[in-house]
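*Asks:* Structure in structure tokens, see below.
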Amino acid sequence: MRQHVNPLSRYFNEIERIPSLTKMFDDSKLNLHLDIGCAAGEFLFDLALVNTSWNYLGIEIRERLVKTAKSKVLERDIKNLYFTFGNANNILDDIQSKFIIKNVKSISFNFPDPWFKKKHHKRRVIQPEFINILSNLLQKGSLIFIKTDVKDLFNYMDCTILSNFNFKKIDKNDFNYSQSFNPNKVQTNREKYVIENHLDIFESIYIKI
Ligand SMILES: C[S@@+](CC[C@H](N)C(=O)[O-])C[C@H]1O[C@@H](n2cnc3c(N)ncnc32)[C@H](O)[C@@H]1O
């Protein structure tokens, strides 16, 4: 079990600014998906290599993982994938990075760190202020995907997102994945582990209205 990184540490106050879309991607006009807490990025590599009509951006707080992922992107010469390092809450709250939220079609929070103790809930990546920023900047019709194996965390995230009246839950059974950032339902590393170990998965999709 790895030690979780405390996102509220002062170390993350300094942020790595997200470059312009044209600097990050070969074709900046493609649909953009943002994966928050992407770890080493395997999920995004799997997606980007197959779905060349989407751009993918991963944000991760563990610097070493981002450095390795960035070098793999260069080595493999992948033009629709970019990684950035830091606390997603601070990065996306930055005035210069806000353009990114305006341009994303969808955002995923896959198996975020649960921070079980009540006094640590403020370290969870989904926070009311963060959802408020997203709701102010996302275009209507943009989607948020959440997935976790921790029921309490799911309830917390679900309640936090729905407390913002600009988001509505979509019935995921009616959702057409073929048009989404993940048409082939690629699984994240944590998801593979959860499925192999027959644990429950709690997930929801929300639309900005
Ligand atoms: C349990 S792992 C899940 C990784 C991956 N999404 C998956 O499903 O396999 C959660 C990841 O989120 C990252 N993380 C936690 N808080 C973060 C934050 N505030 N900003 C960016 N990344 C964060 C952690 O470092 C970790 O890599």
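The values are calculated or read from the model by the stated rules, or taken from the named source; none is laboratory data. Computed from a predicted model, the values in this text were never measured in an experiment. With ideal geometry, Cβ positions are generated from the backbone for all residues, glycine too; neighbour counts draw on all protein chains shown.
*Asks:* Given the structure, is ASN166 farther than 17 Å from LYS105 by Cβ, among the polar types (S, T, N, Q) and surrounded by fewer than 18 Cβ atoms within 10 Å (Cβ to Cβ)? Explain how you work it out, then say what you get.
*Replies:* Values: farther than 17 Å from LYS105 by Cβ: no; among the polar types (S, T, N, Q): yes; surrounded by fewer than 18 Cβ atoms within 10 Å (Cβ to Cβ): yes.
So ASN166 fails the test.
*Asks:* Residues in the stretch 65-93 that are charged (D, E, K, R) and either closer than 18 Å to ARG10 by Cα or touching a strand residue (DSSP E or B) at 6+ places or on another chain (Cβ under 7 Å) (or both): how many?
*Replies:* To start, the set of residues in the stretch 65-93 that are charged (D, E, K, R) comprises 67, 70, 72, 75-77, 79, 93.
Checking which are either closer than 18 Å to ARG10 by Cα or touching a strand residue (DSSP E or B) at 6+ places or on another chain (Cβ under 7 Å) (or both) leaves us with 70, 93.
Residues in the stretch 65-93 being charged (D, E, K, R) and either closer than 18 Å to ARG10 by Cα or touching a strand residue (DSSP E or B) at 6+ places or on another chain (Cβ under 7 Å) (or both): 2 in total.
*Asks:* Moving on to the next point. Let me spell it out: the conditions are (1) buried (at least 19 other Cβ atoms within 10 Å of the Cβ); (2) within 11 Å of the ligand (Cβ to nearest atom), and VAL104 meets all of them except one. Which number is the exception?
*Replies:* (2)
Every residue, every condition in (1) of a type outside the set (A, V, I, L, M); (2) under 18 Å from the mean Cα position of the chain (by Cα); (3) at positive phi, yes or no:
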position	(1), (2), (3)
GLU16	yes, yes, no
LEU21	no, yes, no
ASP27	yes, no, no
TYR56	yes, yes, no
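*Asks:* Within the stretch 1-50, how many residues turn out to be in a loop (DSSP other than H, G, I, E, B), at pLDDT 90 or above and more than 10 Å from the ligand (Cβ to nearest atom)?
*Replies:* 9
*Asks:* Restricted to the stretch 163-183, and to residues that are in a loop (DSSP other than H, G, I, E, B) and closer than 12 Å to LEU143 by Cα, which residue is nearest to the chain's Cα centre (by Cα)? Lay out the reasoning, then the answer.
*Replies:* First, pick out the residues of the stretch 163-183 that are in a loop (DSSP other than H, G, I, E, B): 163-166, 171, 175-176, 180-183.
If we keep only those that are closer than 12 Å to LEU143 by Cα as well, we get 166, 175, 180-181.
On the way: ASN166: 19, PHE175: 19, SER180: 14, PHE181: 12 Å.
So the residue we want is PHE181.
*Asks:* From the residues in the stretch 118-141 that are in contact with a helix residue (DSSP H, G or I) (Cβ under 9 Å, 6 or more places away or on another chain) and not in a helix (DSSP H, G or I), which one is surrounded by the fewest Cβ atoms within 10 Å (Cβ to Cβ)?
*Replies:* GLN139
*Asks:* Is one or more of the residues making up the stretch 74-97 touching a Gly at 6+ places or on another chain (Cβ under 7 Å) and more than 9 Å from the ligand (Cβ to nearest atom)?
*Replies:* yes
*Asks:* Residues of the stretch 170-209 being hydroxyl-bearing (Ser, Thr, Tyr) and out of contact with any helix residue (DSSP H, G or I) (no Cβ under 7 Å at 6 or more places or on another chain), which ones? Can you show your working first?
*Replies:* Step one: filter the stretch 170-209 for residues hydroxyl-bearing (Ser, Thr, Tyr), giving 177-178, 180, 188, 193, 204, 206.
Passing the criteria: TYR177, SER178, SER180, TYR193.
*Asks:* Here's something else I'd like to know. Test ASN80 against the stated conditions and say whether it is surrounded by 22 or more Cβ atoms within 10 Å (Cβ to Cβ) and either under 18 Å from the mean Cα position of the chain (by Cα) or at pLDDT 95 or above (or both). Step through it out loud before you land on a result.
*Replies:* Numbers: surrounded by 22 or more Cβ atoms within 10 Å (Cβ to Cβ): yes; either under 18 Å from the mean Cα position of the chain (by Cα) or at pLDDT 95 or above (or both): yes.
When the stated conditions are applied, ASN80 passes them.
*Asks:* Turning to a different aspect of this structure: Limited to the stretch 1-46, what total is found for residues that are among the charged types (D, E, K, R), within 21 Å of ASN90 (Cβ to Cβ) and surrounded by fewer than 13 Cβ atoms within 10 Å (Cβ to Cβ)?
*Replies:* So in the stretch 1-46, the residues among the charged types (D, E, K, R) come out as 2, 10, 14, 16-17, 23, 26-27, 29, 35, 42, 46.
Imposing the further condition that a residue be within 21 Å of ASN90 (Cβ to Cβ) reduces the set to 10, 14, 16-17, 23, 35.
Going one step further and asking which of them are surrounded by fewer than 13 Cβ atoms within 10 Å (Cβ to Cβ), we end up with 10, 14, 17, 23.
Qualifying residue count, the stretch 1-46: 4.
*Asks:* Moving to a separate point now. Say whether the condition of being surrounded by 22 or more Cβ atoms within 10 Å (Cβ to Cβ) and either touching a residue at least 60 places away in the same chain (Cβ under 8 Å) or polar (S, T, N, Q) (or both) is met by at least one residue in the stretch 59-68.
*Replies:* no
*Asks:* Within the stretch 142-162, track down each residue that is within 16 Å of the ligand (Cβ to nearest atom) and in a loop (DSSP other than H, G, I, E, B).
*Replies:* Across the stretch 142-162, the qualifying residues are ASP149, VAL150.
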